[in-house]
There are 2 protein chains.
Amino acid sequence: MDIAALRSDLDGLKIEDNAKIVQQKSRDFYWYSPVLKRQLDHVTADLIVSPKSEEEVIRVLAACHKHGVPVTPRGTGTGNYGQAMPLSGGVVLSLAEMNEVTSITAGRVVCGPGAIIADIDRATRAHSAQELRLHPSTYNTASVGGFIAGGSGGVGSINFGGLRDFGNVIRLRVVTMEAEPRVLELTGEDLHKVTHAYGTNGIITEVELPLTAAYDWVDVIVGFDKFAGAARYGNALARQDGLLTKLITPIAAPVPWLYFKRHQKFLKEEQSICVCMVAAHSLDAFLAFTRRAGGEVVYNAATAPDEDKKGLPPAYELAWNHTTLRALRVDPSITYLQSLYPFPNQLELVEKMDGMFPGEVFSHLEFVRFDGDVTCFGLNLVNFTTEERLDEIIRTFEANGCPIFNPHRYTLEEGGMKQTDEVQLAFKREADPQGLLNPGKMIAWEDPDYDYRSDKTFLFRGLEKVG
Amino acid sequence: MDIAALRSDLDGLKIEDNAKIVQQKSRDFYWYSPVLKRQLDHVTADLIVSPKSEEEVIRVLAACHKHGVPVTPRGTGTGNYGQAMPLSGGVVLSLAEMNEVTSITAGRVVCGPGAIIADIDRATRAHSAQELRLHPSTYNTASVGGFIAGGSGGVGSINFGGLRDFGNVIRLRVVTMEAEPRVLELTGEDLHKVTHAYGTNGIITEVELPLTAAYDWVDVIVGFDKFAGAARYGNALARQDGLLTKLITPIAAPVPWLYFKRHQKFLKEEQSICVCMVAAHSLDAFLAFTRRAGGEVVYNAATAPDEDKKGLPPAYELAWNHTTLRALRVDPSITYLQSLYPFPNQLELVEKMDGMFPGEVFSHLEFVRFDGDVTCFGLNLVNFTTEERLDEIIRTFEANGCPIFNPHRYTLEEGGMKQTDEVQLAFKREADPQGLLNPGKMIAWEDPDYDYRSDKTFLFRGLEKVG
């Protein structure tokens, strides 16, 4: 890599080469996983380049293509799987400054990939009481482009499913990695080419997303003596078609009491909970439903005195990957797993798996719509001992019919469906023929004959060369 | 009944006693059913009283209570089951003039029971781009109080389920039928006391309903060679969590071509269709999904030239009970049935029942959320021959696991779950101890020992005395 020659071709663009800052901007929340921490800790780019416009993105890609320099796109680096980490060094393309919200209309927002999700919502709420359908628990820090390229769903998935579902992304502008980069507009079925592809086959320069009505979401925590009660309640609540919620999160004792420090005064050590976000106009009905279901409301933001609410994080910062983050802050030996409890047996599977690893795995569920049904994902906390034991737990979940989306792998396939995504692969051939975009993340590109059924972890050869 | 004495007590209120007008305002769309037409054709009130305020409602109820005169509340009379028909004569209490929209806030509207649903939506759309969650196909004529007291769901139920579900009604003000009528505010669980009770246990004087975001809904008709294809498509579309629709209505050939006269130019006689309302910002994704599902878009309001759209009724006026109405206008021998195809076997049941009565029953489905699952109701058209044959068809549906909500019965129980609703009965004892509200509609009140498992039709004795 002739970085000096590249630099001169990028004259006038914003470039960072301070080693400390470059390393910091080459990282995400990969350290949630002790496995990724071991594998990726040394990863760093050569340069961080921060384009301010699509034209500048095109200049960077053309120059990197000319010099054969890998490019790894990055928003604000809130991913958990090393999505935005440059395994072969080269350029980290920071899109954080392309953060303009350019258009808001009924049901739609258009913005740059670097726009922070909370900032988009602030703009759309002020404009016309609208907000994004889905957001990660890193609402206040995550960029929208990173969410689309590296995320899958989150808060709001109880109403709209995941990002991969038809309709949850309307349009993407994507720049290809070629001698003369092309700008493509993708809609409809074509969106699947680049959503959740970690930027391996195109750089997103503009996004158009659907909006939904923004309401005052009321944070409520409901307590239960047993985790099974919290899970059953969450499932029944998620199936209430007339009750508008945005988050339904059962968490097993003692996780809430141990790790939700600022909520501890509302909780008991032996109490499992369901964390909920409820539309204000559904609150009466929610409370009637909860009473009938036998849940104890231990915290209700609509009635809590101001002094109780002071300093409390919002409910979504207790949920999804923030549950793990809060546990990690207290106990660094904690990690987690991501599983699906398939419909219609989700409650049965939840109860079975919950009892299987006492003191080692702690249940944390997120209710969602998934392919038209209400079911739940698990983002279960794990008291980490060894990688072998972690793999054993994963195999046990899978043997019991709960697919694992392994958050301890940096490749698309191992973190997902363990098979080649032919659509994404074909688009990479077209849009990144030299394989310079985010190298090492798409196994199908690196090793077409890879055997996903082996119990081995894919190791990207390029990873050994850097650092 | 001393109608003359009653009249003098109602001095100053708006009263109608012209026999022709009184008869007209004692009727609804009961004539959809040849059975109800035979039974109820002679039904008429003595007076129509039209209060303009809750105070006037209280005056009317107190006076009628004093004189032992039955009171049957009525909105705009768009029901199909004789809900608002005064089986024992007396007063029809027309609430049509209590139609003010008094408050619109985020997610909520408060209005009088006589407000026309389309008028409410016009006000909430203009105020803040909001609209009601649910409406009947009689959107432009139905009153909201009548919808709540006599309806169950409709357009929008694919997103929010039915009116009986927690959260789809926020609050009702209800006046009791006593010497000194009380005004009650019902919320949460208490709402079940009076929703879908035909006004048998209280008069609704104010409603508070949830609102949802109002979008430009695009009418689209998708054609299929076989009805099973339209049904499968509707089911798959309804399960697309990210695709925002408001109506998904498969209808078997040749019904659309025969009866949707103004749409005939877009249709073929042998073509089954799925009528859809799609949010404009979901249209791209909808068309991509439809292409993949093998449906042929035969009409798309977003791209149809203005001259094609001229004079076309909106999609919702092809659906729900308007399908029946359009058929009846062309062929007066048509009637219909209402069934549920229970999840998860809905498609299998639809196909089975669709093949069972060739040339006699024509499938018409409405996809909905029902108790947390996506499934469909049938509002199947029936070529009516005799009441005995109609009962035979009903028994066949039920024997195959498809409950029938019989639209050929004027009682709550026979049109519904064929059992006593203890909550509604208990509230009637409290709110209408003399049984003067809408007599004859609640079997549990008239004949506590009635055997719902008999194959007989309940005949209200009071019905014989009038006319």
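Every read-out reported here was derived from the displayed coordinates using simple, explicitly stated rules and does not represent laboratory data. Just so we're clear, the structure is a prediction, and the values are computed from it rather than from any experiment. Glycine also receives a Cβ, built like all others from the backbone with ideal geometry; neighbour counts cover every protein chain displayed.
Please state the shape class of region B:305-349: rounded when a/c is under 1.5, otherwise prolate if a/b exceeds b/c and oblate if not, all from the C-alpha gyration tensor. Mind showing how you got there, number by number?
Details: a/c = 3.77, a/b = 1.58, b/c = 2.39.
Verdict is oblate for region B:305-349.
For the protein assembly as shown, what is the charge dipole size about the Cα centre, in debye to the nearest 20, if Lys and Arg each add +1 at the Cβ and Asp and Glu each add -1 at the Cβ?
Once rounded to the nearest 20, the dipole reads 540 debye.
Could you grab the relative contact order for region A:217-399? Cα pairs under 8 Å, six or more apart, rounded to a whole percent.
Normalised by residue count, the contact order of region A:217-399 is 25 percent.
Is region B:183-242 best put as rounded, prolate or oblate by its Cα gyration tensor, with a ≥ b ≥ c the root eigenvalues, rounded for a/c under 1.5, and otherwise prolate when a/b is larger than b/c, oblate when not?
Note, shape of region B:183-242 comes out prolate.
For the rotation that superimposes chain B on chain A, which residue of B has the C-beta lying nearest to the axis, and at what distance in Å?
Residue with the nearest Cβ, plus whole-Å distance, for chain B: B:ALA213, 2.
Considering only the label points, 7 Å along Cα→Cβ from Cα, what distances in nm to one decimal separate B:GLU100 from the same position in each other copy, shortest first?
So the distances to the same position in the other copies read 4.9 nm.
Consider a paramagnetic label point 7 Å from the Cα of B:LYS37 along Cα→Cβ; state which residues of region B:389-427 have an amide N under 14 Å from it.
Counting only backbone N, you get B:408.
How much FRET efficiency would the formula 1/(1 + (r/R0)^6) give for A:SER454 and A:GLU178, where r is the Cβ-Cβ distance and R0 is 41 Å, rounded to 0.05?
With a Förster radius of 41 Å, E is 0.75.
Given charges of +1 on the Cβ of Lys and Arg and -1 on the Cβ of Asp and Glu, with all other atoms neutral, how large is the dipole of chain A about its Cα centre, in debye to the nearest 20?
780 debye
Rounded to whole Å and sorted largest first, what semi-axes of the equivalent ellipsoid does the C-alpha gyration tensor of region A:1-118 yield via the square root of 5 times each eigenvalue?
In descending order the semi-axes read 24, 22, 10 Å.
Mind pulling up the Rg/Rh value for the protein assembly as shown? Radius of gyration and Kirkwood radius, both on Cα.
1.02
On the Cα set of chain B, report Rg and Dmax in Å, please.
Cα-based Rg and Dmax for chain B come out at 22.0, 70 Å.
Per-residue Cβ counts within 10 Å, from other chains only, averaged over A:237-247: what number is that? Provide the component values of the computation, followed by the final result.
Numbers: counts 2, 1, 5, 8, 19, 16, 7, 6, 1, 0, 0.
Mean shielding count: 6.
Where Lys and Arg each count +1 and Asp and Glu each count -1, what net charge lies around B:GLU270 among other residues with Cβ under 11 Å from its Cβ?
0
Sort shortest first the distances from B:THR457 to its counterpart in every other copy, using label points 7 Å along the Cα-to-beta-carbon line, and give them in nm.
7.3
Give me the percent of DSSP beta bridges within the protein assembly as shown that run antiparallel, rounded to the nearest 5.
Roughly 90 percent of the beta bridges in the protein assembly as shown run antiparallel, per DSSP.
What does the structure give for B:336-349 when I average, per residue, the other chain Cβ atoms found within 10 Å of the residue Cβ?
0
Zone of A:VAL330 (label point 7 Å along Cα→Cβ, backbone N under 12 Å): which residues in region A:222-264?
A:252-264
Return the long-range amide H neighbours of A:ASN380 (sequence gap of 5 or more, or a different chain), with a cut-off of under 5 Å between placed amide H atoms.
Those qualifying (amide H under 5 Å, at least 5 residues apart or on another chain) are A:LEU337, A:SER339, A:HIS364.
Kindly rank B:241-252, A:130-141, A:102-113 from highest to lowest mean number of other beta carbons found within 10 Å of each residue.
Per-residue Cβ counts within 10 Å, averaged per peptide and sorted highest first, yield B:241-252, A:130-141, A:102-113.
List, in order, the whole-Hz ³J(HN,Hα) value for each residue of region A:154-162 obtained from phi through the Karplus relation with A = 6.51, B = -1.76, C = 1.60 and θ = phi - 60°; use x for Gly and Pro.
With coefficients 6.51, -1.76 and 1.60, one gets x, 4, x, 5, 5, 9, 10, x, x Hz.
Full extension from A:GLU55 to A:LYS20: what is 0.36 nm times the residue separation minus their Cα-Cα distance, to one decimal in nm? Don't jump to the answer; show the numbers that get you there.
Details: separation 35, 0.36 × 35 = 12.60 nm, distance 2.82 nm.
This chain segment gains 9.8 nm when fully extended.
Relative contact order (percent) for chain A, with alpha-carbon contacts under 8 angstrom and 6 or more residues of separation?
Value for chain A: 16 percent.
What is the packing order of peptides B:376-382, A:299-305, taking the mean over residues of other C-beta atoms within 10 Å and listing the highest first?
Numbers: B:376-382: 25.3, A:299-305: 15.4.
Top to bottom by mean Cβ count within 10 Å: B:376-382, A:299-305.
Got the relative contact order for region B:101-213 handy, in percent, Cα pairs under 8 Å and 6 or more residues apart?
Relative contact order of region B:101-213: 32 percent.
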